[in-house]
Amino acid sequence: MESMDLKTYLPVFIEESKDNIQQMSENLLRLEEDYGDAEVIDEIFRAIHTIKGMSATMGYTQLSNLAHQAENLLDEVRHGRIAVSPAMINGFFKVIDEIEEQLSVLGQTGEPKALDNRRLEEIKAHFAEARRADAGAAGKYRVEIVFSKDCLLRPARALVVLNQLAGVGNILHSDPPQDKLPSLDNLDKLVCHIAAASPQQVHDVLAGGVEIDSYTLEELREEAGQTSAAKPAEPQVNRNISTVRVDTEKLDHLLNLVSELVINKTSLQEAVASFPSLADDVEHLHRLTSELQNIVMNMRMIPLETVFNRFPRMIRDTAKALNKSVHFEIVGADTELDRTIIEDIADPLLHLLRNAVDHGIEPVAIRTSLGKPAAGKIVLRAYQTGNQVVIEVEDDGAGLDLDKIKAKAREMGLWQGQEPDDAEAANFIFAPGFTTSDRVTDLSGRGVGLDVVKKSIEALGGNIEVISNKNAGSTFRISLPLTLAIIQGLSVKCGDEIYVIPLSYIQETEIIYPDSIQMLGQQQIYMLRGQVLPVVFLADLLGFRDYVPPQEMSLVVVHFGERLIGIIVDDLLSQQDIVIKNVSWGQGYFSSFLGSTILGNGRIVLILDINNLLAGVKVREVKHA
């Protein structure tokens, strides 16, 4: 096959390879928890074998040879000639890094680049260390250790014993798993499988062990080609679902056509009042258009796992670099979000998760002194509520030091006079250049990160808030619209202008009068069913001059983070499907808008970005039911 023909398969090669290295990364993390998991080893072998074969077919010899080296080492593991070790796993992660870099270059230039010699040397060193560590291992043994009743911290003692055993051999498997020990409250016994040159080395470690009541040591006799007991096969479910890859440009073009159809549908709905005989036909068109719109929008929805699956490896590497113990959990990865939003949410989440490891989770010694489990816990959670998706990054670390934050904020001139409440103080961490770190590292201390995170999320029409309790941890909560293409909106009138408020922000609406607006300190308020609601005029938010409010106005109660705030407009016009068109006429005035849209009568109006619009306004929090 000619090279020109092969180029046509490059996008497929890149996508398939990305899927395989993602599977490898996930399975390596599983293997790190249980070195003897034969099923996981086979999955990694299949993935690297596939990459080797595809690379050879495409003519990428260096990439194929690299995959072949990793495949050979795994084949030795599968046949029981060598044991899995930390050095081996680190080497495989370096292989993944190199393949990812190659795929990135191929995607940009269409041509492979020479492999990174420094990384290749690291890979060779890791693989050589793995073989050296296993050299001379004459047997594999099962060790069962019972700790004495006087041992107060048995999980900690078990970790010490495993580290001592790792000095004379390779730990193939432990029950409980080694990474789970720091989070256990108690432990009766420890069982592990070890590959060692002689049983006497294991005896020497255990015989001199402190707080060990008894132990047993027996040789494991395994059939060739087996490294652990085979796991029962899970029943396969035949779902009979077929899929096809579609170029995203085609999806975008289809969406644009549907958007134009929605605009024309809205025009017809407004015009039908003059032609009653067409009402049924227009209603039928409305139903068909709505169904087509839902199908196209669902085609653009992608599970968040496509982003979330990138993070376990990053958490592992960051925790190791900081010498911290972290248990990472993902919840709700099947929650779906529009493709355009998913593409831009990865970097903000990366910042938040790194901060959780670096700033949130304490070192093991500090956690144990506070009575916490040695391993910190970070949870990445996603769920849908209404027309929004909420993503939370939660940790059980130290929480925010509000006193230190307030002192730094005063030093930077972020506030003067009246001391801010805790919620306001917590939000100072999103200010540009803000950091409380006393030293600059590769991960923190430069004051760059959270302000970029906030701007990125607001550019997507979302908002971010932080909830923190000292020594109990912090939660960063991100709220995002399901889509930025076609939304439900409420058109409102303010002066001579018409604006659209996305329906996902609106709690309720009400007719009010000027004399019902009161002052509480410097804050305008309205009594809504006996509850105090802070309010602000849309005309003031947009800087209208010489604005005179009408005698009868409309109140739109919107969500702003966890609070409710009332926005006062002249009148409510209609609720309808809104096609969002980007506005790129400058970031000054237009930062208060998500974009523009075309109404049924052909008028172009702007769509309000509630988060950005209210962010610059000093609205004192008023508790509501």
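The values are calculated or read from the model by the stated rules, or taken from the named source; none is laboratory data. Everything numeric in this text was worked out from a predicted model, so none of it was measured. In this analysis, Cβ positions are derived from the backbone assuming ideal geometry, glycine residues included, and neighbour counts consider all displayed protein chains. The area values use the complete protein model at the heavy-atom level, side chains included, leaving out ligands, DNA and RNA. Shrake-Rupley method; radii C 1.70, N 1.55, O 1.52, S 1.80 Å.
Residue count for region 385-423, restricted to those that are among the acidic types (D, E) and without any contact (Cβ under 8 Å) to a residue 12 or more places away in the chain: 2. Within region 46-63, the residues that satisfy the criterion of being within 21 Å of E76 (Cα to Cα) and in contact (Cβ under 8 Å) with a residue 40 or more places away in the chain are I48, I51, L63.
Of all residues in region 244-263, those being at pLDDT 80 or above, of a type outside the set (D, E, K, R) and open to solvent by 90 Å² or more (accessible area, probe 1.4 Å) number 2. E552 meets all of the listed conditions (1) farther than 27 Å from N387 by Cβ; (2) modelled with pLDDT under 90 but one, namely (2). Here T368, T335, T435 are screened, and the one residue that is closer than 16 Å to F308 by Cα and of a type in the set (V, I, T) is T335.
Got at least one residue in region 325-336 being open to solvent by less than 30 Å² (accessible area, probe 1.4 Å) and in a helix (DSSP H, G or I)? Scanning region 325-336 turns up no residue that is open to solvent by less than 30 Å² (accessible area, probe 1.4 Å) and in a helix (DSSP H, G or I).
Does region 273-280 include one or more residues that are surrounded by 11 or more Cβ atoms within 10 Å (Cβ to Cβ), of a type in the set (F, W, Y) and assigned to a helix (DSSP H, G or I)? No - not one qualifying residue is present in region 273-280. In region 358-388, the residue that is least open to solvent (accessible area, probe 1.4 Å) out of those that are closer than 30 Å to I506 by Cβ and at pLDDT below 90 is Q388. Does G107 satisfy the criteria of being open to solvent by less than 10 Å² (accessible area, probe 1.4 Å) and either closer than 30 Å to A196 by Cβ or under 29 Å from the mean Cα position of the chain (by Cα) (or both)? No, not satisfied. Taking region 184-200, which residues are at pLDDT 75 or above and either assigned to a strand (DSSP E or B) or closer than 29 Å to L29 by Cα (or both)? Passing the criteria: L184, N186, L187, D188, K189, L190, V191, C192, H193, I194, A195. With respect to being in contact with an Asp or Glu (Cβ under 7 Å, 6 or more places away or on another chain) and either part of a helix (DSSP H, G or I) or not aromatic (F, W, Y) (or both), E71 falls outside the description. Given the condition modelled with pLDDT of 80 or more, open to solvent by less than 20 Å² (accessible area, probe 1.4 Å) and either part of a helix (DSSP H, G or I) or among the charged types (D, E, K, R) (or both), answer yes or no: does some residue in region 400-408 qualify? Yes: one or more hits. Determine, yes or no, whether E39 is outside any helix (DSSP H, G or I) and among the acidic types (D, E). No, not satisfied. Among residues belonging to region 303-324 that are open to solvent by less than 60 Å² (accessible area, probe 1.4 Å) and aliphatic (A, V, I, L, M), point out the one that is nearest to the chain's Cα centre (by Cα). So, considering only residues that are open to solvent by less than 60 Å² (accessible area, probe 1.4 Å) and aliphatic (A, V, I, L, M), the one nearest to the chain's Cα centre (by Cα) is V307.
Cβ-Cβ contacts under 8 Å between residues 6 or more apart (or on different chains), taken from a first residue in region 485-496 that is hydroxyl-bearing (S, T, Y) to a second residue that is crowded, with 17+ Cβ neighbours inside 10 Å and assigned to a loop (DSSP other than H, G, I, E, B), are listed as S491/L599.
Look at (1) open to solvent by less than 20 Å² (accessible area, probe 1.4 Å); (2) part of a loop (DSSP other than H, G, I, E, B); (3) not polar (S, T, N, Q) and you find that I501 fails only one, number (2). Every condition in (1) modelled with pLDDT of 85 or more; (2) in contact with a helix residue (DSSP H, G or I) (Cβ under 6 Å, 6 or more places away or on another chain); (3) hydrophobic (A, V, I, L, M, F, W, C) is met by L460 except one, and the failing one is (1).
Against the list (1) buried (at least 19 other Cβ atoms within 10 Å of the Cβ); (2) over 14 Å from L450 (Cα atoms), the condition D422 fails is (1).
For G449, the requirement of being assigned by TED's automatic domain parsing to the domain that holds E392, in contact with a strand residue (DSSP E or B) (Cβ under 6 Å, 6 or more places away or on another chain), modelled with pLDDT under 90 and not aliphatic (A, V, I, L, M) is not met. If the Cβ limit is 8 Å and pairs must be 6+ apart or interchain, which residue in region 146-165 that is outside any helix (DSSP H, G or I) pairs with which residue that is open to solvent by less than 20 Å² (accessible area, probe 1.4 Å) and aliphatic (A, V, I, L, M)? Between residues of region 146-165 that are outside any helix (DSSP H, G or I) and residues that are open to solvent by less than 20 Å² (accessible area, probe 1.4 Å) and aliphatic (A, V, I, L, M), the close pairs are F147/A158; F147/L187; F147/L190. Taking every residue in region 64-89 that is in contact (Cβ under 8 Å) with a residue 60 or more places away in the chain and pairing it with any residue that is surrounded by fewer than 17 Cβ atoms within 10 Å (Cβ to Cβ), at least 6 positions away or on another chain, the pairs with Cβ-Cβ distances below 6 Å are H79/G225.
Each residue in region 42-64 was checked for being open to solvent by less than 60 Å² (accessible area, probe 1.4 Å) and of a type in the set (S, T, Y), and 4 pass.
Give the number of residues within region 482-517 that are closer than 16 Å to E552 by Cα and either in contact with a helix residue (DSSP H, G or I) (Cβ under 9 Å, 6 or more places away or on another chain) or not polar (S, T, N, Q) (or both).
Within region 482-517, residues that are closer than 16 Å to E552 by Cα and either in contact with a helix residue (DSSP H, G or I) (Cβ under 9 Å, 6 or more places away or on another chain) or not polar (S, T, N, Q) (or both) number 12.
Hey, among I341, I391, which residue is surrounded by 20 or more Cβ atoms within 10 Å (Cβ to Cβ), at pLDDT below 90 and within 16 Å of the chain's Cα centre (by Cα)? Residue meeting the stated conditions: I341. Residue pairs whose Cβ atoms lie under 7 Å apart, sitting 6 or more positions apart in sequence or on different chains, and linking a residue in region 126-143 that is closer than 15 Å to I89 by Cβ to a partner that is crowded, with 21+ Cβ neighbours inside 10 Å and at pLDDT below 75, are A133/N170; D134/N170.
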